[in-house]
Amino acid sequence: MMNKKILINLKKIKWIFLDVDGVLTDGRLFYTKDGEEIKVFHVHDGYGIQMIRSLGIKVGVISGRGCQALEMRLAEIGVDYFILNRSDKRKALNEMASLFGSNVYLSAHIGDDIPDLEIFENILIKVAVKNAVTEVTNAADICLSKKGGYGAVREFCDMVLDARKGVNFD
């Protein structure tokens, strides 16, 4: 059962922030013989993001890695803003707040590894994918039943959509 504070905060969020490797993907890295990075994304996550955006919730990505395939996918699904190749996630979040205002902190973040804890310190809802490291799971308000890259983002988007419809989660 979800506690009332989390349910209330699901209704308040203005942004959803996502990590990439281990959240939008399963965390494995694939390279072609020419060194080009290949990413695999779950289509359900992309549709969940589009549904969330239709409610006026913005979607941001802060990732320690980046590649052309990722930038193409983020553009395709309509991510509002992204910062790639940055390991200093707290500073990246603060830069976004400088650009978009303090509503950036009225957010949820879905993470899987230690660098995501920097964002957890400054937001409303902390979310861990099923295969997150123990430190992230322990710090999370919500632990998803799906692994990163296998529809975890969609699972959370559906929670937000249900909360906005008045579903109680009991």
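The values are calculated or read from the model by the stated rules, or taken from the named source; none is laboratory data. Note that the structure is a prediction, hence the values are computed from the model and not measured. Here the Cβ positions follow ideal geometry from the backbone for every residue, glycine too, while neighbour counts run over all protein chains shown. For accessibility, only protein heavy atoms count, side chains too; no ligands or nucleic acids. Shrake-Rupley method; radii C 1.70, N 1.55, O 1.52, S 1.80 Å.
Okay, here's what the table says:
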| read-out | value |
| --- | --- |
| For segment 37-96: rounded, prolate or oblate by the Cα gyration tensor [a/c cutoff 1.5] | oblate |
| Loop trypsin sites (Lys or Arg not before Pro), segment 1-48, which have at most 14 other Cβ atoms in a 10 Å radius of their Cβ (DSSP) | ARG28, LYS33 |
| Whether segment 102-170 is rounded, prolate or oblate, judged on the alpha carbon gyration tensor where a/c under 1.5 counts as rounded | oblate |
| Cα-centred dipole magnitude for segment 110-149, charges only on beta-carbon of K, R (+1) and D, E (-1), debye, nearest 20 | 300 debye |
| Distant-in-sequence amide H partners of PHE82 (H built 1.01 Å from N, under 5 Å) | VAL61 |
| Exposure rank, largest accessible area first [SER107, SER145; 1.4 Å] | SER145, SER107 |
| Global form of segment 23-164, assessed from the alpha-carbon gyration tensor, a/c cut-off 1.5 | rounded |
| Between helix 152-165 and the chain: long-axis angle, C-alpha atoms, 0 to 90°, nearest 10 | 30 degrees |
| With Cα atoms, 0 to 90° folded angle of helix 68-77 axis to the chain main axis | 30 degrees |
| Largest-first principal axis extents of the Cα set of segment 1-53 (Å) | 51, 20, 18 |
| Relative packing of peptides 125-135, 95-105 - highest average C-beta neighbours within 10 Å first | 125-135, 95-105 |
| Extended-chain gain in nm, criterion 0.36 nm per residue less alpha-carbon gap, LYS33 and SER102 | 20.4 nm |
| Tilt relative to the chain, helix 43-54 - C-alpha long axis, 0 to 90 degrees, to 10 | 50 degrees |
| LYS146 long-range amide H proximity, modeled H, under 5 Å | LYS130 |
| Calculated FRET efficiency for the pair VAL133/SER87, C-beta based, R₀ 22 Å, to 0.05 | 0.90 |
| Helix-only mean residue ellipticity at 222 nm for the chain, each DSSP H run of n ≥ 4 adding -39500 (n - 2.57), per residue, nearest 500 | -11500 deg cm²/dmol |
